[in-house]
1. So which strands (runs of 3 or more DSSP E) are wholly in region B:26-101 and hold at least 3 residues that are more than 14 Å from every other protein chain (Cβ to nearest Cβ) and in contact (Cβ under 8 Å) with a residue 40 or more places away in the chain?
2. Take residues that are in contact with a strand residue (DSSP E or B) (Cβ under 9 Å, 6 or more places away or on another chain) and more than 14 Å from every other protein chain (Cβ to nearest Cβ) and tell me which of the strands (runs of 3 or more DSSP E) falling wholly in region B:249-327 contain 1 or more.
3. Would you check which residues across region A:325-352 are in contact (Cβ under 8 Å) with a residue 12 or more places away in the chain, over 19 Å from A:Val460 (Cβ atoms) and touching an Asp or Glu at 6+ places or on another chain (Cβ under 8 Å) and list them?
4. Could you please find all residues in region A:223-264 being more than 20 Å from B:Leu61 (Cβ to Cβ), assigned to a loop (DSSP other than H, G, I, E, B) and within 12 Å of chain B (Cβ to nearest Cβ)?
5. Could you list all residues from region A:603-629 that are hydrophobic (A, V, I, L, M, F, W, C) and either under 11 Å from A:Val649 (Cα atoms) or in contact with a strand residue (DSSP E or B) (Cβ under 8 Å, 6 or more places away or on another chain) (or both)?
6. Just wondering, is there one or more residues in region A:382-389 that are part of a strand (DSSP E or B), buried (at least 23 other Cβ atoms within 10 Å of the Cβ), among the hydrophobic types (A, V, I, L, M, F, W, C) and in contact (Cβ under 8 Å) with a residue 40 or more places away in the chain?
7. Could you list, in sequence order, the residues of region A:265-306 that are β-branched (Val, Ile, Thr), more than 23 Å from B:Ala245 (Cα to Cα) and within 13 Å of chain B (Cβ to nearest Cβ)?
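The values are calculated or read from the model by the stated rules, or taken from the named source; none is laboratory data. Source: prediction; values computed, not measured. Positions of Cβ are generated from backbone atoms using ideal geometry, with glycine treated the same way; all protein chains shown enter the neighbour counts.
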Amino acid sequence: MSEGRIAGAVRTHCPYCALQCGTELRAAPGGSVTVEPADFPVNRGGLCQKGWTAPEVLSVRDRLRTPLVRGADGALAPAGWDEALDLVARRLREIRRESGPDAVAVFGGGGLTNEKAYLLGKFARLALGTSRIDYNGRFCMSSAAAASNAAFGVDRGLPFPVTDLGEADVVLLAGANPAETMPPLMRHLDRPALIVADPRRTPTAARAKLHLRTAPGTDLALALGLLHTAVLEGLVDEAYVAERTRGFDEARRHALAWSPERTERVTGVPAAALREAVGLLAGADRAYILTGRGAEQHSKGTDTVAAFVNLALALGLPGREGGGYGCLTGQGNGQGGRELGQKSDQLPGYRSISDPAARARIAEVWGVPESRLPGPGPSAYELLDSLGRPGGPRALFLAGSNPVVSAPRAGHVTERLASLDLLVVADFVPSETARMADVVLPVAQWAEEEGTLTNLEGRVLRRRALLAPPPGVRTDLEVLQGLAVRLGEPRDHYPTDPRAVFDEIRRATAGARADYSGVSYARLDAGEALYWPCPAGPAASDGDGRPHPGTPRMFLDRFAHPDGRARFAAVAFREPAEPVSEAYPLVATTGRVLAHYQSGAQTRRVAALGAAEPEAFVEVHPDTARRFGLVEGGLARIGSARGSTVARVRFAEGLRTDTVFLPFHFAGDQRANLLTNPALDPVSRMPEFKVSAVRIAPEPEAAP
Amino acid sequence: MTAPIVVVGNGMAAHRLVERLAAFGHAGPVTVLGAEPRPAYRRPLLPWVLAGALPGEALDLPAAPPGTTVRTGVAVTGVDRVAKTVTCADGSTVPYGTLVLATGARHALGGTVRPAHGRVAVVGGGVLGVETAALLRRRGHEVLLAHAGPYPMHHALDEDAGGLLAAHLTGLGVELRCGTRVAAGGTLGADTVVRCTGGAPETALARAAGLPVRRGVVVDGFLRTDDPDVYAVGSCVDGTDGLLASAAAQAEYLAARLTGRAEGPYTAPPTLLRPRLPGLDVAVLGAPAGDGPDEVVTFADPAGGRHARLELAGGRLRYAVLVGLPEAIAAAGQLYDRGLPVPADRLALLLGSSPAAEDDPEAWPEAHVVCHCNNVTKADLAHAWQTGARTPDALATATRATTGCGGCGDRLRALCGVLERRGADTEPASLRLETVR
């Protein structure tokens, strides 16, 4: 039931993935909300089942509608807002006084709007004075971001509009399964010949011209083998390499270790298929190379992405119309979330928190001395791992994330969360993490709030409210202001009006790599398609005084390094962190299903989605099932060195016999992340979600 | 201070060794002494330099890790195992704590290769000779391949496989002369002669140092000579197969051993012979088992250029010869390297199984998901049809099928046709659907 209608219909965007499909929401008679796909270039009138059913999340039965405070009896009980916020502020102050500002930590999310992500980062640095802030995007985009920054001087998921893909001849998807994770994207991938690198025969792979079925953890070897092949077959764009790049010789040196035949031995991809893939890419007029989590969520994720970028550069793809490298961002605001200041090493605008000039600029915008800004803090897993330990944070404020389900080595992370003196969770449903909290703060969700998100193409989008939040529910911005003021901060430094926050974002990002200063609500509401960088003031090139039009396609003239050239990376192959063994003879890889989003906290509450995928499953090859005594439809227990999980067996003929697959959206003892390995990438600090050594055995059905 | 590790030879085994030593955290000094004036390079890619496809310097390996001293153009002339020093041709001596011989083999194809010109005679039809001949031919050279055996790679391939390889080379336009021992290149009427006849292990230094030598330097299970401070790796080792993978594995093991990470003896990696031949995939895995296989799978398709012989024991690959089956080679290589059982369906391994896509809407079960994006089944669509949605567009509106990725449009239209025909039947379709369930 909608409780406070404020408009009859609004144009907005789907609450889930980074595609941010355009939708039109309507308040129907009787109080329900209906959704229709809007005419928007990214989704071209399409919506997946998650999008069609998204309005249900607004009125789920266990929607949080009042703050909850854990009482002396250990149970969460309803409380008033003042009581809850006073309690949180008092405990935060006490803990800070006893153990210092870094004893208080913040964990954010890639689903938060730009305004929330920005204000959360400011709240952590100023109101709490802590360096301990990171977010779940670390588990999502960080490897691709690190590689892109190194190669191009800046990281924007797709440095070109999605619609460009529709005109491509060939698209290589490395570790991406958009047919399930962002289905409407496939509307742009009908025309190009697809080359899909994936250990599984996913619905995306099934539509490919060429499926490169890699062994889990070997995409880096695949990319090196493809570059090797391009070099030996004389398919390198020598003129482009000479004019627009640096570092080719070193990258080539490493790639030359990877003949197609050696690559085949490590990856399982036929040498002939490697040659065919390179031939397709090099022979196309318009070709793109895209990576997804499958290539990125490894302890060598940054190098893996760098190797695919190397291939793209060698073929002369990036920085021209009709070609390029891009990363398919995952979370709704994965892009904006990572550049507006909730990452431990960054300040708004993709500025480095270690850069004195960036610190001075942000301190000026925030009206504080530079010395008040903390330095860089630990990454997401390291932060979670340190909770409640000696010297680690004793309190955590968490918004927009559910690490009990989504963090690697989830059993251990759950223990760490349980060891905190104070866990505060802002959410709109009682997620698994919220259930553990000492204080739960009920907040508004997508159709109840204004704001902006930045989609996978770097286009800033307006989220619009159809409804007022239910009584008893506040917006995240209101929560942050309420706490900040109680912690002694000036009220006007924490606006609750998203537009006011966005205006501050404009000032804070002016001149930065991710420059939003020319974007405004007014321009967005007028229907302009604005991609950052979009500096304030008129476009430099035309003198007619019109505002800067934004940058749909980046790098056409130059890359963002001072010399304008892209950088090849000298990368060598590394094995996965955890080899299989006699005790753990199989490789488990994790991923997503169409019906659910992230930790499933939202989608598991939607009837149709719950019916489509009600419980965890494990895909196994029938031969593997025979080997380990599993039957289709029966339960299996899958165990790693870190824990075990239970899932229903599903046969998959297209899977490798040494690999099992588990979706990670499910809770309790069905959590796939009970298995996953927190071995971190040395640069991006991305955990190795995609490769865990496991064993598998039949599990008796639980008594009803 | 730790006594230095001194590596004699600067080939790929030596390069791998010092790279792994650094990766494993070896802290002491490491010195590499290479006789050749150029830095370590990728010998297996020499044919591409010969063919003019790569500049010679592209073969240079990445620089050795920091802390490693690499001296090129320094030939080692002697080892004093009592004083624990090596003597170099320039008169200098270098002390060692541990000495590693990585002197390689005396290859005919050396590091100063220049692009070939004119008609090229390749002498020796082993893996390297076959690769070189095919590559030069593909690059437009007139090529003669002279081989002493009855067919190329005759040591490794059975006659049927060898015949397919010979036919492939001939088909490329390589002039193949088998059963030919070549004394001097001049008799071949070639402008360039390339010898790919393999090389004997370089053992002179070991011999002079009084270490046991047979064809190569004799080592124990830990790659140690009979002097506990002297090891050997790579092509100079007695009994090694000369494959790069083996040299790399030895280097990896020795680095682990010297850094205290490997306790047990060295185990050779599974052997895989896999010539780089675009257009014809050839692989030999393992070796015939002494105790014999308990299952043999063969497949022959001479007209299609395909051949396979698999020898299994305990459901696992022991030995395989595969030609013209690129996907089977990739799959078999993975199963073999990882010691995994072969699929129950042996033929599926050889020919690849394509999961049967049933694209006849009549044959779909009622629970068949037509639109994955919106989880719409055949039964859902049949129900919508019954309740009045009689066109693809109407079905889409009623069920949301096709509104996600749009990939199921054709299938929806086909099903719509089926439902139309069903609707013309006298019996109500819904009733039949009920009974199907």
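1. Values: elements: B:30-33, B:68-71, B:76-80, B:85-88, B:93-95, B:98-101.
Where strands (runs of 3 or more DSSP E) fall fully within region B:26-101 and carry at least 3 residues being more than 14 Å from every other protein chain (Cβ to nearest Cβ) and in contact (Cβ under 8 Å) with a residue 40 or more places away in the chain, they are B:68-71, B:76-80, B:98-101.
2. Numbers: elements: B:282-286, B:295-301, B:306-313, B:316-323.
Filter on region B:249-327 gives B:295-301, B:306-313, B:316-323.
3. Within region A:325-352, just A:Ser344 meets the criteria.
4. A:Glu233, A:Gly234, A:Leu235
5. Hits for region A:603-629 are A:Ala616, A:Phe617, A:Val618, A:Val620, A:Ala625, A:Phe628.
6. Filtering region A:382-389 down to residues part of a strand (DSSP E or B) leaves none.
No, that holds for no residue.
7. Of everything in region A:265-306, just one residue is β-branched (Val, Ile, Thr), more than 23 Å from B:Ala245 (Cα to Cα) and within 13 Å of chain B (Cβ to nearest Cβ), namely A:Val278.
Residues checked against (1) closer than 26 Å to B:Ala51 by Cβ; (2) within 28 Å of the chain's Cα centre (by Cα); (3) at pLDDT below 90; (4) surrounded by 19 or more Cβ atoms within 10 Å (Cβ to Cβ):
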residue	(1), (2), (3), (4)
B:Thr170	yes, yes, no, no
B:Glu175	yes, yes, no, no
B:Thr180	yes, no, yes, no
B:Val218	no, yes, no, no
